[in-house]
Amino acid sequence: MDMIVVEKLTKLFPMPDGSEKRAVDGLSFAVQQGHVYGLLGPNGAGKTTTLRILSGLMKPTTGRVVIAGYEVSAKPDAAKRAIGFLTANTGLYHRLSVREFLIYFAELHGISGQRAAKRVAHLIDWLDMGDFAQLRCGALSTGQKQRANIARALVGDPPVLIMDEPTLGLDVLSNRVILDFIIRERNEGKTVLLCTHYLDEAESMCDRIGLLHNGKLVAEGTLGKLREQTGEQRLSNIFLKIIHEYDPQTRSR
């Protein structure tokens, strides 16, 4: 079953000179349940714009997005409830403790009382946050903040996780926590859409990979298929070869 379906997605932004920038250009792909899909590309490729459209934070110019069976434009609230959205710079409520922060978001998901307390306690234990669960979010380290954000994304137990650079700026130990979390969620049947500049991470975790350049999907498939297509073994070399073949001007940059 496809938990994420993107069909002919386009996003245009008006420019000061009266022209339009095509940030996403006819993008189509699908992600099956229980798979990790890596949406990769250089800066400015359209990745973050795509994720914001998928999560309902931005409306597309044209095209269609379906999350867990809900078309985002027609049933935005239902689609959003099916998504856990995590970025490297998601804000926290600095005056709340980690536990209070998670209880608050559990209540936003319609989970209250003992159910909320039990769910939050489970996430605190699972993500090894016991040592800082009573600290205010404003006092946390970068890695601790990201663990709190993972718990926030999971508190409603969504079937789809959308992750934009989740390990950016993290130390080795915190990075490992995030990667283990992604693998564990995939093994539990969750669907994960991952954007990252760390290609070694994508190479080790993704079931399928889509390469985005100038808003267009220029290659897609399993790592094996992309290796066969390019004759390269490492994803970084596959990435560079495909981008250079698609846009020869990048060779001089």
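The values are calculated or read from the model by the stated rules, or taken from the named source; none is laboratory data. Values in this document were obtained by computation on a predicted structure and should not be read as measured data. Here the Cβ positions follow ideal geometry from the backbone for every residue, glycine too, while neighbour counts run over all protein chains shown. Note: accessible area is taken over every heavy atom of the protein model, side chains too, but ligands, DNA and RNA are not part of it. Shrake-Rupley method; radii C 1.70, N 1.55, O 1.52, S 1.80 Å.
Efficiency by 1/(1 + (r/R0)^6): what FRET value for Ser141 and Tyr198, r their Cβ-Cβ distance, R0 = 25 Å, to the nearest 0.05?
Details: r = 20 Å, r/R0 = 0.79.
E(calc), rounded to 0.05, equals 0.80.
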Of Thr61, Leu123, Ala45, whose Cα points farthest to the positive end of the dipole of region 1-132 (charges on the beta-carbon: +1 Lys, Arg; -1 Asp, Glu; origin at the Cα centre)? Thr61
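Under a Cβ-only charge scheme (Lys and Arg +1, Asp and Glu -1), can you give me the dipole magnitude of the chain about the Cα centre, in debye to the nearest 20? Please list the in-between numbers first.
Values: 32 positive and 28 negative charges, 99 e Å.
Computed about the Cα centre, the dipole is about 480 debye.
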Along the Cα→Cβ direction, 7 angstrom out, place labels at Asp77 and Met205. What is the inter-label distance in nm? 3.2 nm
In whole percents, the bins of 5 Å from zero upward hold the Cα-Cα pairs of region 60-188 as 2, 11, 19, 22, 21, 13, 8, 4, 1, 0
With a 1.4 Å probe and all protein chains left in place, how much of the accessible area of region 66-133 comes from carbon and sulfur atoms, in whole percent? 48 percent
Among the aspartates and glutamates, which have Cα under 13 Å from the Cα of Lys11 when same-chain residues fewer than 8 positions away are ignored? Glu20, Asp25
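Determine, from the Cβ-Cβ distance of Glu20 and Leu168 and an R0 of 30 Å, the FRET efficiency 1/(1 + (r/R0)^6), rounded to the nearest 0.05.
Result of the calculation: an efficiency of 0.55.
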Heads up, region 130-238 by the C-alpha gyration tensor (a ≥ b ≥ c square roots of eigenvalues; a/c under 1.5 rounded, else a/b over b/c prolate, else oblate) looks prolate
Counting only backbone N atoms under 15 Å from a point 7 Å out along Cα-to-Cβ of Glu220, the residues of region 50-72 in range are 50-51, 54, 63-67
Inter-centroid distance (Cα atoms) of region 52-118 relative to region 148-214, Å: 16 Å
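Applying 1/(1 + (r/R0)^6) with R0 = 41 Å to the Cβ-Cβ distance of Gln32 and His94, what FRET efficiency is obtained, to the nearest 0.05? Before the final figure, lay out the partial values.
Working: r = 38 Å, r/R0 = 0.93.
Here the calculated transfer efficiency is 0.60.
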